[in-house]
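Down below is the structure, laid out as structure tokens.
The values are calculated or read from the model by the stated rules, or taken from the named source; none is laboratory data. All values derive from a computational prediction rather than experimental measurement. Reconstructed Cβ throughout: ideal geometry from the backbone, glycine too, with neighbour counts over all protein chains shown.
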């Protein structure tokens, strides 16, 4: 027997899910946008099954996009729980838009249609002039994050579960993103900011800023540090929880090392955290101290992550190669650090000049 269930989404879209049950055969399901198509499929499928002309359908006809997202999220929660919250937000949108569709109907045309809706999605941002929130379109890079999340779920469905024969997002082009932001502190700005950090309400604000500038570590990496991650004898910090999921060792030297040695002498013994909150159960929230330091130093258009850009920029200007910068920052490829290439032009010119001097020196005699 065949049954047809009408589904109405929050956005008003209507779909019809057909289910055909017949003794001796696996249950067959499919989803259609039109009732007439649903009825035709139900009649033809049931007739074929009765006449033993119907073969077992592929997994893509048995599962919906919603089924795929749910199973994928269960996998992420068990393997990478810290990534789950962000992915839940991204994939939740796709679930609302396309969750009703079977994977057999999940194609490039359907995704492209929803992609146009995604491009018009807005978020509330504070207007610097009025101080009021206003809706602004999400950026191309954010749209690409939505696409990447869905694409990875599809790849898992292809490679691990065999729910899909191929990834329908493989031929959908990502949006062109603007060049990566490069905002680093000038010598004068750096002096003013560090002085302001010394006078911040949180006593460790100065040390945190120095660590960020000297190592290029991210805010979360610094604030989640524990004392057993720091080896002062070897002058290094081991980062276990990084953005790309890989363990990273970064050296601490000079002023940063001296400050850490001094800070260790007055460390709290009731917590393993290096920068604990008052209760000691979680990292300290530095937002107010950081924003206060920026205001006192009269520095505009600058965020904590820009300390990481500053560290990379200083490395480039002091002769570090892109490969060396990538290693310090923890990037797997050079693509992310190419933005700093122009800052090392003087070093590159010196290398080329030295090479030419050596290989053509005989020709000048």
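Which of (1) assigned by TED's automatic domain parsing to the domain that holds residue 252; (2) surrounded by 21 or more Cβ atoms within 10 Å (Cβ to Cβ); (3) assigned to a helix (DSSP H, G or I) does residue 191 not meet, given it meets every other one?
Condition (2) is where residue 191 drops out.
Hey, among 16, 72, which residue is in contact with a strand residue (DSSP E or B) (Cβ under 6 Å, 6 or more places away or on another chain) and either under 29 Å from residue 143 (Cα atoms) or surrounded by 14 or more Cβ atoms within 10 Å (Cβ to Cβ) (or both)? Working first, answer last.
Working: 72 fails: in contact with a strand residue (DSSP E or B) (Cβ under 6 Å, 6 or more places away or on another chain).
Answer to the selection: 16.
Give the residues of the stretch 78-108 that are closer than 24 Å to residue 28 by Cα and surrounded by fewer than 17 Cβ atoms within 10 Å (Cβ to Cβ), sorted by residue number.
96, 107, 108
Just wondering, is there one or more residues in the stretch 215-224 that are surrounded by 21 or more Cβ atoms within 10 Å (Cβ to Cβ), without any contact (Cβ under 8 Å) to a residue 24 or more places away in the chain, within 23 Å of residue 329 (Cβ to Cβ) and in the same structural domain as residue 246 (by TED's automatic domain parsing)?
Looking for residues that are surrounded by 21 or more Cβ atoms within 10 Å (Cβ to Cβ), without any contact (Cβ under 8 Å) to a residue 24 or more places away in the chain, within 23 Å of residue 329 (Cβ to Cβ) and in the same structural domain as residue 246 (by TED's automatic domain parsing), one finds at least one in the stretch 215-224, hence yes.
Among the residues that make up the stretch 55-65, is at least one of them surrounded by fewer than 14 Cβ atoms within 10 Å (Cβ to Cβ), out of contact with any helix residue (DSSP H, G or I) (no Cβ under 8 Å at 6 or more places or on another chain) and at pLDDT 85 or above?
No, that holds for no residue.
Return the total of residues in the stretch 134-175 being within 19 Å of the chain's Cα centre (by Cα), surrounded by 15 or more Cβ atoms within 10 Å (Cβ to Cβ) and in a loop (DSSP other than H, G, I, E, B).
Residues flagged as within 19 Å of the chain's Cα centre (by Cα), surrounded by 15 or more Cβ atoms within 10 Å (Cβ to Cβ) and in a loop (DSSP other than H, G, I, E, B) within the stretch 134-175 amount to 2.
Just to verify a result, which residue in the stretch 120-133, among those that are in a loop (DSSP other than H, G, I, E, B) and touching a strand residue (DSSP E or B) at 6+ places or on another chain (Cβ under 9 Å), is farthest from residue 166 (Cα to Cα)? Quick ask: steps written out before the conclusion?
First pass over the stretch 120-133, keeping only residues in a loop (DSSP other than H, G, I, E, B): 120-121, 127-132.
Right, trim to touching a strand residue (DSSP E or B) at 6+ places or on another chain (Cβ under 9 Å) and you get 120-121, 127, 132.
On the way: 120: 28, 121: 28, 127: 44, 132: 46 Å.
By that ranking, first place goes to 132.
Somewhere in the stretch 227-235, is a residue closer than 15 Å to residue 275 by Cβ, touching a residue at least 12 places away in the same chain (Cβ under 8 Å) and in a loop (DSSP other than H, G, I, E, B)?
no
Condition first: touching a strand residue (DSSP E or B) at 6+ places or on another chain (Cβ under 7 Å), at pLDDT below 90 and within 24 Å of residue 183 (Cα to Cα). Can you find one or more residues in the stretch 329-341 that meet it? Even if it seems obvious, please write down each step before you answer.
Quick first cut of the stretch 329-341, residues touching a strand residue (DSSP E or B) at 6+ places or on another chain (Cβ under 7 Å) only: 330.
Checking the rest, the ones that are also at pLDDT below 90 come to 330.
Now narrow it down to the ones that are within 24 Å of residue 183 (Cα to Cα): 330.
Yes, the stretch 329-341 contains a residue that is touching a strand residue (DSSP E or B) at 6+ places or on another chain (Cβ under 7 Å), at pLDDT below 90 and within 24 Å of residue 183 (Cα to Cα).
Which ranges mark the strands (runs of 3 or more DSSP E) fully within the stretch 1-119 that have 3 or more residues being closer than 16 Å to residue 163 by Cα and without any contact (Cβ under 8 Å) to a residue 12 or more places away in the chain? Quick ask: steps written out before the conclusion?
On the way: elements: 2-8, 14-20, 28-32.
Hits in the stretch 1-119: none.
Test residue 45 against the criterion of being touching a strand residue (DSSP E or B) at 6+ places or on another chain (Cβ under 7 Å) and surrounded by 18 or more Cβ atoms within 10 Å (Cβ to Cβ), and give yes or no. Steps first, please.
On the way: touching a strand residue (DSSP E or B) at 6+ places or on another chain (Cβ under 7 Å): yes; surrounded by 18 or more Cβ atoms within 10 Å (Cβ to Cβ): yes.
Here the answer is yes, as residue 45 does meet what is asked.
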